[in-house]
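Here, each number is a calculation from the coordinates, and none is a lab measurement. Quick caveat, the model's predicted, so the values are computed rather than measured. Cβ: placed from backbone, ideal geometry, glycine included. Neighbour counts: every protein chain shown.
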């Protein structure tokens with residue numbers, strides 16, 4: 001007699017499928033290691049990030065400076081550990097902004113009357129047609145100094161960077177959520193809830209939205225990587241955080257003129273950005289496969 005089949009919860013099944021995606025598992029380990037390093041690294045390697053030592057400028061990797069030094073003798077490892085907190089925090093916070101705005105607009109369009117759907121999709125299409133990088137640069141140029149004066153150089157610029165990047169990343173999420181709502185609102189379990197007298201808000205929060213979160217989670221992982229690249233681009237152009245607040249992008253920008261005789265200065269921040277974006281994208285692939293039951297693993 002065959003043993004009875006145990007019912008497996010959707011979460012356990014998704015976790016099982018994710019673990020079978022080897023690149024995603026390895027990427028998760030690498031990313032968690034990077035996060036742990038930037039969180040505890042400044043205490044393990046307590047070198048001041050703005051300490052100037054002209055006697056040690058542009059030194060290559062050594063025991064005293066594992067990642068070498070820059071043109072002011074500042075320790076690159078210390079600056080990357082500190083800057084990693086900002087770069088990863090910007091990516092995560094911008095993703096939260098983009099997902100929140102996208103889910104609200106997409107859900108409203110997917111469940112609302114036709115004129116609401118039309119207006120919100122017109123707004124989404126309008127934002128999709130805007131040239132994002134020039135607008136990012138313009139908004140940073142216009143509002144960076146006023147916010148620095150109001151909230152301080154670190155907090156003010158952080159809020160502005162997150163708002164600007166997140167404000168231009170919500171459109172794909174909105175379209176994705178809208179499509180999911182159109183598909184799910186006609187399913188039998190939603191019609192049954194509607195027949196039992198469930199309000200529209202209850203249909204959305206208890207039945208439709210939880211079943212639409214799989215693709216949103218995947219989109220969120222991609223948004224983190226895109227936000228890290230956007231922040232690095234702004235910092236590279238000199239429109240991000242001030243020079244005394246290092247990020248991966250600003251450290252890479254400072255190294256652009258020394259590639260011929262001090263390549264280590266650019267290699268390490270470039271490698272940090274590359275590794276973070278690559279691992280996040282692989283994790284997104286794993287989440288996509290784990291949350292889509294139609295994919296065979």
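Odds and ends about this structure:
- Its residues counted as N, the chain yields a C-alpha radius of gyration over 2.2 N^0.38 Å of 1.20.
- Between 0 and 90°, nearest 10: helix 171-184 axis offset from the chain longest Cα axis: 20 degrees
- The ellipsoid that matches the Cα gyration tensor of segment 66-130 has semi-axes, each √(5λ) in whole angstrom, of 44, 12, 5, with the longest given first.
- Value at 222 nm in deg cm²/dmol, rounded to 500, when DSSP H runs of n ≥ 4 in the chain each add -39,500 (n - 2.57): -23500 deg cm²/dmol
- On the basis of the beta-carbon distance and an R0 of 22 Å, residue 71 and residue 275 show a calculated FRET efficiency of 0.35.
- Segment 64-177: translational diffusion in µm²/s, Stokes-Einstein, Kirkwood Rh over Cα pairs, 10 °C, 1.306 mPa s: 97 µm²/s
- Computing FRET efficiency as 1/(1 + (r/R0)^6) for residue 199 and residue 179, where r is the C-beta to C-beta distance and R0 is 30 Å, gives about 0.85.
- The calculated FRET efficiency for residue 39 paired with residue 189, based on their beta-carbon distance and R0 = 30 Å, is about 0.10.
- Acute angle (nearest 10 degrees) that the helix 153-166 long axis makes with the longest principal axis of the chain, alpha-carbon atoms: 40 degrees
- Using alpha-carbon coordinates, inclination of helix 114-129 to the longest axis of the chain, degrees: 20 degrees
- With the highest mean first, a sort of the peptides 98-106, 119-127 on other beta-carbon atoms found within 10 angstrom per residue produces 98-106, 119-127.
- Peptide packing for 21-28, 183-190 was compared via the average number of neighbouring C-beta atoms within 10 Å per residue; ordered from the highest value, the list is 21-28, 183-190.
- Peptides 160-172, 44-56 ordered by average Cβ neighbours within 10 Å, highest first: 160-172, 44-56
- Exposure proxy order (Cβ contacts within 10 Å, fewest to most) of 279, 108, 200: 200, 108, 279
- Distance from segment 76-102 to segment 243-263 (C-alpha centre basis), Å: 18 Å
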